[in-house]
């Protein structure tokens with residue numbers, strides 16, 4: 001497993017509430033869900049290679 005790096009940012013309350021619910025429903029942490037969503041978005045647009053998607 002590779003070393004992770006912290007990233008902080010601010011989001012609207014309704015987005016955070018939806019994110020917390022989605023993470024709970026998917027039995028993951030909010031960080032894990034955010035990483036998964038970001039990795040998929042980046043991969044779909046060609047910013048991230050396919051093989052790196054397995055890390056999320």
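Each value in this text was obtained by applying a stated rule to the coordinates, not by laboratory testing. Small disclaimer: the values here were computed from a predicted structure and weren't measured. Positions of Cβ are backbone-derived with ideal geometry, glycine not excepted, and every protein chain shown enters the neighbour counts.
See the values below:
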| read-out | value |
| --- | --- |
| Protection proxy ranking of 34-47, 3-16 - average other beta-carbon atoms within 10 Å, highest first | 34-47, 3-16 |
| 0 to 90° range, to nearest 10: angle between helix 30-44 axis and the chain longest Cα axis | 40 degrees |
| Virtual spin-label span in nm between residue 3 and residue 24, 7 Å along Cα→Cβ | 3.5 nm |
| Over 17 Å [Cα-Cα, the chain], rounded percent | 46 percent |
| Tilt relative to the chain, helix 13-25 - C-alpha long axis, 0 to 90 degrees, to 10 | 70 degrees |
